[in-house]
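Asker: Pasting a structure below so you can have a look.
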Amino acid sequence: MNSIPNQTKDYELDERIIRTWSTFVPEDAGTAVAETLRSKWINTGKMEKLFREKLSAKFKIPNIVACSSGTAALRASLAIIGVGPGDEVISTPFTFIATNTAILEQGGTPVFADIDYDTLNIDPESVRSRINAKTKAIICVHYGGNACNMDALRKIGRNHGLPIIEDSAHALGAKYKGDFIGTKGDFVTFSFQVVKIINCGDGGAIATASEESYQKLKRAVWYGVDREEKKASRLDPLPEDITMLGFKYNMNDITATLGCVGIDGFDLPANRRREIGERYRREFSKCRKIKVTRYPEDNTPNYQIFPVHVENRTLFANYMWDRGIQVNVNNRRNDRYQIFGGLRNDLPNLERADGDVILVPLHSDLSEKDIDRVVAAIIEYEKL
Ligand SMILES: Cc1ncc(COP(=O)(O)O)c(C=O)c1O
């Protein structure tokens, strides 16, 4: 396959390429959205409530608040914790920047812990070593839908009185020790942005096991007002007084309708992802040049993405692109960006991973033929 364009507009239109990501839209999404539009209630309403109920039931989540994005979910959680100027939040540098820009938005400082090279998740020991009097919270990311070592992180959190935010943008439907991500935890944030298993265009949610945090989060996503309680009088829909400052982060009913359809049809893309992920793990287990990341036995990953460590990444990327297979670096070490204060030199595992991790295509729109092509190309690369 010649003349594969670079990642420009042309490339976006080139249907010959096997993509790293896809946007999964269930077949009945259009009909469901049309119905919501016809109802004329498109603001936060009964569909948003239904979405929360469905999420709660499907993933055994005790308390859930829907919001406008995963970034909003992170920021609202940080706000509820009370993160502000002068506070430090220990976080992972190997993530999409939103995990850490949310800390900056709140006026806090991200303090980067190192990662575990094999899982790409934050290293609990490194987290412990960065705790000081200014530390206000810990953020971890279940990278690629492969859960962090939550036992160790929760123990650190308990011992130091620090809340943990689990950025679970990748992890809807994944499990840790038999529990869905979101069933337990202080603040567990989800994203329903376009490449996620549930795609609302944009959308988010926060799960919490704490009733107190739940009450605050409901208010945080709409100007400090609990929308379900707001009709205190016939005259004035707002309460007499508003005592906390909130955001405009509520989820509307159009978005929620897409979310409901996504939950109803969740098993189809989720099972497909699992099949592909398991096949890749089997096929690549003996490779030397490509190393699959480690999936601890206690974890049930959802394979939101499939990162691998690869020898000579540029060579590999060109080799795959030349065969019409998109491979991409998903996230760069966040400390490379000026906004986070500059490169650190105390993150050796991050340094290695930043130089050799790349995503192999994994999503529910891949055909068997596509997967065969990806597998064959990688096995062939192994022999070069
Ligand atoms: C790890 C991580 N956190 C947060 C986000 C932000 O989510 P959203 O795009 O819904 O704001 C993303 C987005 O992909 C992400 O990958």
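The values are calculated or read from the model by the stated rules, or taken from the named source; none is laboratory data. Given the structure is predicted, the values throughout are model-derived calculations rather than measurements. Cβ sites come from the backbone with ideal geometry, for glycine too, and all protein chains shown count toward neighbours.
Asker: What pairs come out if I take residues in the stretch 67-81 that are closer than 11 Å to G203 by Cβ and pair them with residues that are among the aromatic types (F, W, Y) and surrounded by fewer than 24 Cβ atoms within 10 Å (Cβ to Cβ) whose C-beta lies under 7 Å away, six or more apart or interchain?
Answerer: Close Cβ pairs (under 7 Å, with a partner that is among the aromatic types (F, W, Y) and surrounded by fewer than 24 Cβ atoms within 10 Å (Cβ to Cβ)) amount to C67/Y249; S68/Y249; A72/F247; A72/Y249.
Asker: Still on this structure, please answer the following. For the stretch 90-117, which residues satisfy the criterion of being acidic (D, E) and out of contact with any Ser or Thr (no Cβ under 6 Å at 6 or more places or on another chain)?
Answerer: Scanning the stretch 90-117 gives E105, D116.
Asker: Can you confirm whether V194 is hydrophobic (A, V, I, L, M, F, W, C), surrounded by fewer than 21 Cβ atoms within 10 Å (Cβ to Cβ) and either touching a residue at least 40 places away in the same chain (Cβ under 8 Å) or in contact with a Gly (Cβ under 8 Å, 6 or more places away or on another chain) (or both)?
Answerer: The answer is yes for V194.
Asker: Can you tell me how many residues in the stretch 175-198 are over 21 Å from D253 (Cα atoms), within 13 Å of the ligand (Cβ to nearest atom) and in a loop (DSSP other than H, G, I, E, B)?
Answerer: Number of matching residues: 1.
Asker: If you scan the stretch 199-217, which residues turn out to be buried (at least 24 other Cβ atoms within 10 Å of the Cβ) and within 11 Å of the ligand (Cβ to nearest atom)?
Answerer: Residues satisfying the conditions are C200, G203, G204, A205.
Conditions tested, residue by residue: (1) surrounded by 18 or more Cβ atoms within 10 Å (Cβ to Cβ); (2) on the phi > 0 side of the Ramachandran plot.
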{"position": "I18", "(1), (2)": "yes, no"}
{"position": "T31", "(1), (2)": "no, no"}
{"position": "S68", "(1), (2)": "yes, no"}
{"position": "R75", "(1), (2)": "yes, no"}
{"position": "G82", "(1), (2)": "no, yes"}
{"position": "S91", "(1), (2)": "yes, no"}
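Asker: Would you pick out the residues in the stretch 299-342 that are assigned to a loop (DSSP other than H, G, I, E, B), in contact (Cβ under 8 Å) with a residue 24 or more places away in the chain and of a type in the set (S, T, N, Q)?
Answerer: Within the stretch 299-342, N302, Q304, Q326, N330, N331 meet the criteria.
Asker: When you go through (1) in a loop (DSSP other than H, G, I, E, B); (2) more than 15 Å from the ligand (Cβ to nearest atom) one by one for K155, which number turns out not to apply?
Answerer: (1)
Asker: Only one of these conditions is not met by W41: (1) buried (at least 18 other Cβ atoms within 10 Å of the Cβ); (2) modelled with pLDDT under 95; (3) among the aromatic types (F, W, Y). Which number is it?
Answerer: All conditions are met except number (1).
Asker: Another question, if that's okay. Among the residues of the stretch 253-282, which ones are free of Cβ contacts under 8 Å to residues at least 60 places away in the same chain and either touching an Asp or Glu at 6+ places or on another chain (Cβ under 7 Å) or farther than 30 Å from R38 by Cβ (or both)?
Answerer: Those that are free of Cβ contacts under 8 Å to residues at least 60 places away in the same chain and either touching an Asp or Glu at 6+ places or on another chain (Cβ under 7 Å) or farther than 30 Å from R38 by Cβ (or both): N271, R274, E275, E278, R281, R282.
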